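A.B. asks: I have a structure here, written as structure tokens, and I will follow up with some questions on it.
The values are calculated or read from the model by the stated rules, or taken from the named source; none is laboratory data. The structure presented is a predicted model; accordingly, all values stated were derived computationally and were not measured. Every residue, glycine as well, gets a Cβ built from its backbone with ideal geometry; the counts of neighbours run over all protein chains shown.
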Amino acid sequence: MARAARLLSAVVDSPAGATLTELAKTTGLNVSTVHRLLGTLTAEGLVCRSPESERFLPGPVLLRLGRRSLSSSGLPDVTAVLKELADLTGETASVGMCRGGSVLTLMSVQCEQPLRYLGEPGRAVPLGASAMGLAIMAFDPAPPLGQAAGTPETVDARVAWSLDVELLAARFRGYTVFEESDGSGLRGVAAPVQSGSAYIRLAVDIQGPSSRMTDDRLPQLGAAVTAAAESLRGLPVALALGQL
């Protein structure tokens, strides 16, 4: 039981997931023991393995347990924070978590606009392909840049360079801006949630049509998103927001 708990803690504390070898080194357990314990934890839904990176990440059962713990902890009500942000900005607000090289949308609160972004809880996109992902990358202590940071492999060097510029600019202004390149006309503004650990695991964003989220509104929208992220400061474990 103690060894399984130690292993589970190591998985939770690995911001990008961890390989079997890395977990063995972190926990001091031999590889065969780690392999056996991971099999049990995976079968019970406490751990899952990314098919792309083969790294182990917190599983759906652990996410649900974390959320129940959060609901009675006296910590900020995430839904209330997102609703206030959506009401203030007039755009759909979401919170997402870094999982491997992607950002997973955990929760969304829709705005009241007839034309709005619906939000997609449970959807994962590369870190470099969303405002939340860029916020996580920009404010991480050792931020990866360009394609190594989850930028889609299909983009050219010019696009990758523009993302790097956005990451650098975000560190000065406190929030990121991302334009969808699929012709949808969506724009996102996001800010990181400081949790007290050495790594950024969470981010908050708003998304809506660029016709409403115009350049002249970006400072106001960025300030609102940053304030919402600050309201969530101190969440002990990013996984506590899981709804999967």
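A.B. asks: Would you tally the residues in the stretch 206-243 being modelled with pLDDT under 85 and part of a helix (DSSP H, G or I)?
C.D. replies: Of the residues in that region, 4 qualify.
A.B. asks: Given (1) touching a strand residue (DSSP E or B) at 6+ places or on another chain (Cβ under 6 Å); (2) modelled with pLDDT under 85; (3) not in a strand (DSSP E or B), where does residue 57 come up short, assuming only one miss?
C.D. replies: Tallying (1) touching a strand residue (DSSP E or B) at 6+ places or on another chain (Cβ under 6 Å); (2) modelled with pLDDT under 85; (3) not in a strand (DSSP E or B), residue 57 fails exactly one: (3).
A.B. asks: So which residues in the stretch 4-30 are crowded, with 16+ Cβ neighbours inside 10 Å, polar (S, T, N, Q) and at pLDDT 85 or above?
C.D. replies: Hits for the stretch 4-30 are 26, 27.
A.B. asks: Take the stretch 102-124 and flag every residue that is over 10 Å from the mean Cα position of the chain (by Cα) and crowded, with 17+ Cβ neighbours inside 10 Å.
C.D. replies: Those that are over 10 Å from the mean Cα position of the chain (by Cα) and crowded, with 17+ Cβ neighbours inside 10 Å: 107, 108, 109, 111, 116, 117, 119.
A.B. asks: Looking at (1) touching a Leu at 6+ places or on another chain (Cβ under 7 Å); (2) modelled with pLDDT of 65 or more, which one does residue 145 not meet, given that it meets all the others?
C.D. replies: (2)
A.B. asks: Got a number for residues in the stretch 31-52 being surrounded by fewer than 17 Cβ atoms within 10 Å (Cβ to Cβ) and either of a type in the set (Phe, Trp, Tyr) or touching a residue at least 24 places away in the same chain (Cβ under 8 Å) (or both)?
C.D. replies: Number satisfying all stated conditions: 4.
A.B. asks: Considering only the stretch 11-47, state which residues are among the hydroxyl-bearing types (Ser, Thr, Tyr) and assigned to a helix (DSSP H, G or I).
C.D. replies: 21, 26, 27, 32, 33, 40, 42
A.B. asks: While we're here: Restricting attention to the stretch 151-190, and to residues there that are part of a loop (DSSP other than H, G, I, E, B) and out of contact with any strand residue (DSSP E or B) (no Cβ under 7 Å at 6 or more places or on another chain), which single residue is modelled with the lowest pLDDT?
C.D. replies: So, considering only residues that are part of a loop (DSSP other than H, G, I, E, B) and out of contact with any strand residue (DSSP E or B) (no Cβ under 7 Å at 6 or more places or on another chain), the one modelled with the lowest pLDDT is 154.
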